[in-house]
Amino acid sequence: MEQHLPRLPNMPLPVLDKTWQHTVNVACNSSSTLLLAAKNALIGFASNPWTVWGSCDGTNIPPEVPHYGNGDGIDRWTSPFEVKWSSSGGNHSWMVLKQPGLGTNAAICLDCNYGSAMDASYMGIIFFPTGVGTNGSLTARPSAIDEILLLDYSGGSGPYEFYGSALSTMGAWTGRVHVMQSTDGECTRVVVTRSGTLGFTGATGCWIFDKMKSPAPALTQPVAVAMCGSNGSLEGGGVYGALNDDIYCWGPNSSSIAEYYFTTEGAGTTSLGQQITVADDDTGEWPMFSIDVASQTLYNRGVKRGRIYDLWWGATAVATGDCYPGDGSRQFVQFGDLIHPWDGSIPLIT
Amino acid sequence: MALPTLEKTWQFNVNQIVGGVYPNNHSDAIYRLKQSLITFASNPWTVWGSAYRHITNPGDYNYSNGPGGVDYWTSYQRCHWTNGTGNHSWIVLQQSGLGTNVAICIDCNYGVTGDINYINLIIFPTGVGTPGTNSSRPTATDEVVWTGNYGQWGGGYQLLGYGRLHAMQSTDGECTRIIFTQNNYANGFWLFDKPKDPISLWTPPVVGVLIGGGSTDEPSYGHLNHNSYYCKSRLGSQTQGFYMLAEGCIGDSIGEMMAFPDDDSAEWPFIQIQLATIDMPHRGTFKGSIRDLWWGPSVGTIGTCYPDDTSKQFVQFGSLIFPWDGSTPRTI
């Protein structure tokens, strides 16, 4: 049940740095409909939307029709039927979307390649900081020598190495895609919420493509891109276990790929958001912690590589879909352990 | 990252040599600590009352309760410890910068430990309630106490026979910090602060820290960030312990995980300190914050100064970074 939670101790609500566009609560019930919904939301924003660089519909039938294109701007994902999976070397769908808010030719690639996993709950998601280098084909996605692999289609073993869809063995499910983008195109978040196994419902995917606030001066392209998700048995759409405790966020550095952590206030070996299990005893409010970015990657080591705009850590005791403040205005919503600006609508989970 | 801008103007009485009067080095340390607090030029601490017993003459003792009581601690020879009974030395010092009647009591009573590395330290948030005698310190029903295993104060100095005392206080009296160093370790850390932005029900907002030990750096993440035993106050109707928060990831504060300065700026981090508690009945974050004190890198060497020039505007003791007066910090 959605809750309206009182805001945090001792502080007014945060003032947003950005103006946000929301395409949220979009229904999905398969990997294809999930990706299609995300793509349509990304290219459908009124201000500075993502644009199609090229795409592939994963088939060669009929043979006289071109089924993929590099740099032609054609969106071939017109229905879930054009969002097809295969393993490496097989015909499969891919989509490259550009967002100049992240860099002149910056782009992402959604690659419906499930690799050795042979399950559409796996795919590749790749960030091209400076654009496509090598064109794609019907059987292989575009690539670039400086690409950042956010999600490895070969079938990761970690608990958060999913984009948000469900394993085929799970059976029928229902879910929602929530896409939020700043009007300047500098910050984009995709959250997947859905039903899961054993009655679970929650956030199963969180994609972040952000330019950082107050970046370290040496970062010529101060972008943080993150991907984490679960297979539907636990919260995975933006959680401490992935983004604070592990490396599920990266960014381009001039000579390498930086690995980033989303920092938070902590005591001992645990974040405070994981230790606070109830609202503040004195104020009745829940916390919102700003997110800075730290790195231990050589040539990028430092504790304040940047800050994430308009995103906060919350308490793990708060459920996905609960809103802040406690007046019904739904200005913020929590998905997983992250608190996002919201549009006032009732957040739907499944 | 620019150096932080200080919120306070600071007074310093640092690099003081203490000890050198074995076997009474501890008496000298506690005496000099008291002298440091009452001799700051602006808003010094003032003596409410005191008791003494001469360290070698048991028949020489007296006490005086305040307000306006006598400062009997006229030399280290009047700073004598006992084990919970018997005449001993105590002193109550008031600091109006912390609140109208806010006071601390330094009670030279090592209790069952029998070890002069231990004292009782008390904060009286609203002043003394019951006056003291030569054998028992003053008390109050709302007192906050450091005692027993948490009464280590850092000034024992029996190991090498001498050490250094560094006393720092803001000119408005709202923030006081004491560091004891010996043999290149920060053996003791005391703090009496009015926190910044305290929650409304915290009245008066006074937080204290006492931690001391032997041959390790006591103001550390392990003590003050991982535990809430050493940083305490009166909140509502009870004593409340606080964690001194630090920003972190992968199960560590960033000051603990960063073994190298920033690759681009070559700078080390200054990490702000918020106060939080996970104990009933005041669970919650951001109860207040500590002014002009920061977590630094745990790999930092004691006495390391910042910035990397000769100005010595800040110094690191243990894992904490303090404003500094530009002198060369002495740690042995």
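The values are calculated or read from the model by the stated rules, or taken from the named source; none is laboratory data. Bear in mind that the values here come from a model prediction, so they are computed numbers and not experimental data. Note that each Cβ is placed from the backbone with ideal geometry, even for glycine, and that neighbours are counted across all protein chains shown.
Data for the structure
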{"read-out": "Test: residue in region B:172-187 that is away from every other protein chain (no Cβ under 14 Å) and without any contact (Cβ under 8 Å) to a residue 60 or more places away in the chain", "value": "yes"}
{"read-out": "Boolean, residue B:128 is among the β-branched types (Val, Ile, Thr) and surrounded by 23 or more Cβ atoms within 10 Å (Cβ to Cβ)", "value": "yes"}
{"read-out": "All positions within region A:164-175 that are more than 15 Å from residue A:235 (Cβ to Cβ) and either outside any loop (DSSP other than H, G, I, E, B) or touching a residue at least 24 places away in the same chain (Cβ under 8 Å) (or both)", "value": "A:165, A:167, A:168, A:169, A:170, A:172, A:173, A:174"}
{"read-out": "Failed item, numbered, when residue A:270 is tested on (1) under 22 Å from residue B:220 (Cα atoms); (2) at pLDDT 95 or above", "value": "(2)"}
{"read-out": "All positions within region B:275-332 that are more than 24 Å from residue B:15 (Cα to Cα) and outside any strand (DSSP E or B)", "value": "B:278, B:279, B:280, B:281, B:282, B:283"}
{"read-out": "Test: residue in region B:220-239 that is out of contact with any helix residue (DSSP H, G or I) (no Cβ under 6 Å at 6 or more places or on another chain), facing chain A (nearest Cβ under 7 Å), buried (at least 24 other Cβ atoms within 10 Å of the Cβ) and assigned to a loop (DSSP other than H, G, I, E, B)", "value": "yes"}
{"read-out": "Any hit, region B:12-27, residues being crowded, with 17+ Cβ neighbours inside 10 Å, under 25 Å from residue B:166 (Cβ atoms) and more than 19 Å from the chain's Cα centre (by Cα)", "value": "yes"}
{"read-out": "Odd one out for residue A:328 among (1) assigned to a loop (DSSP other than H, G, I, E, B); (2) crowded, with 18+ Cβ neighbours inside 10 Å", "value": "(2)"}
{"read-out": "So residue B:285, is it on the phi < 0 side of the Ramachandran plot and within 8 Å of chain A (Cβ to nearest Cβ)", "value": "yes"}
{"read-out": "Subset of region A:297-325 (residues that are touching an Asp or Glu at 6+ places or on another chain (Cβ under 9 Å), within 12 Å of chain B (Cβ to nearest Cβ) and not in a strand (DSSP E or B))", "value": "A:297, A:298, A:299, A:300, A:301, A:314, A:315"}
{"read-out": "Check on residue A:261, of a type in the set (Phe, Trp, Tyr), under 19 Å from the mean Cα position of the chain (by Cα) and under 30 Å from residue B:228 (Cα atoms)", "value": "yes"}
{"read-out": "Selection status of residue B:109, polar (S, T, N, Q) and buried (at least 22 other Cβ atoms within 10 Å of the Cβ)", "value": "yes"}
{"read-out": "Output for region B:98-148, where each listed residue is touching a helix residue (DSSP H, G or I) at 6+ places or on another chain (Cβ under 8 Å) and in a strand (DSSP E or B)", "value": "B:106, B:118, B:120"}
{"read-out": "Criterion: within 8 Å of chain A (Cβ to nearest Cβ) and hydrophobic (A, V, I, L, M, F, W, C) - qualifying residue of B:290, B:273, B:254", "value": "B:254"}
{"read-out": "Some residue of region A:110-125 being over 30 Å from residue A:183 (Cα atoms), charged (D, E, K, R), out of contact with any Cys (no Cβ under 7 Å at 6 or more places or on another chain) and not in a strand (DSSP E or B)", "value": "yes"}
{"read-out": "Selection from region B:288-325 of residues that are of a type in the set (D, E, K, R) and over 20 Å from the mean Cα position of the chain (by Cα)", "value": "B:308, B:309, B:312"}
{"read-out": "Answer from A:267, A:242, A:294, A:258 - the residue that is at the interface with chain B (Cβ under 7 Å from one of its Cβ atoms), under 29 Å from residue A:19 (Cα atoms) and among the aliphatic types (A, V, I, L, M)", "value": "A:294"}
{"read-out": "Positions within region A:272-285 being under 24 Å from the mean Cα position of the chain (by Cα) and more than 7 Å from chain B (Cβ to nearest Cβ), in sequence order", "value": "A:273, A:274"}
{"read-out": "Meets criteria (more than 27 Å from residue A:12 (Cα to Cα), in contact with a Gly (Cβ under 9 Å, 6 or more places away or on another chain), among the aliphatic types (A, V, I, L, M) and within 14 Å of another protein chain (Cβ to nearest Cβ)) for residue A:234", "value": "no"}
{"read-out": "Residue within region B:174-185 that is surrounded by fewer than 18 Cβ atoms within 10 Å (Cβ to Cβ) and in contact with a helix residue (DSSP H, G or I) (Cβ under 9 Å, 6 or more places away or on another chain) present", "value": "no"}
{"read-out": "Candidate set from region A:70-85 (those that are surrounded by fewer than 19 Cβ atoms within 10 Å (Cβ to Cβ) and not in a loop (DSSP other than H, G, I, E, B)); member that is farthest from the chain's Cα centre (by Cα)", "value": "A:81"}
{"read-out": "Filtered residues of region B:65-85 (kept if over 23 Å from the mean Cα position of the chain (by Cα) and loosely packed, with under 15 Cβ neighbours inside 10 Å)", "value": "B:67, B:68, B:85"}
{"read-out": "Selection from region A:177-218 of residues that are free of Cβ contacts under 8 Å to residues at least 40 places away in the same chain, away from every other protein chain (no Cβ under 14 Å) and surrounded by fewer than 21 Cβ atoms within 10 Å (Cβ to Cβ)", "value": "A:197, A:198, A:199, A:200"}
{"read-out": "Test: residue in region B:241-250 that is at pLDDT 95 or above, part of a loop (DSSP other than H, G, I, E, B), under 23 Å from the mean Cα position of the chain (by Cα) and more than 8 Å from chain A (Cβ to nearest Cβ)", "value": "yes"}
{"read-out": "Selected residue (criterion: surrounded by the most Cβ atoms within 10 Å (Cβ to Cβ)) from residues of region B:267-287 that are within 21 Å of the chain's Cα centre (by Cα) and not charged (D, E, K, R)", "value": "B:275"}
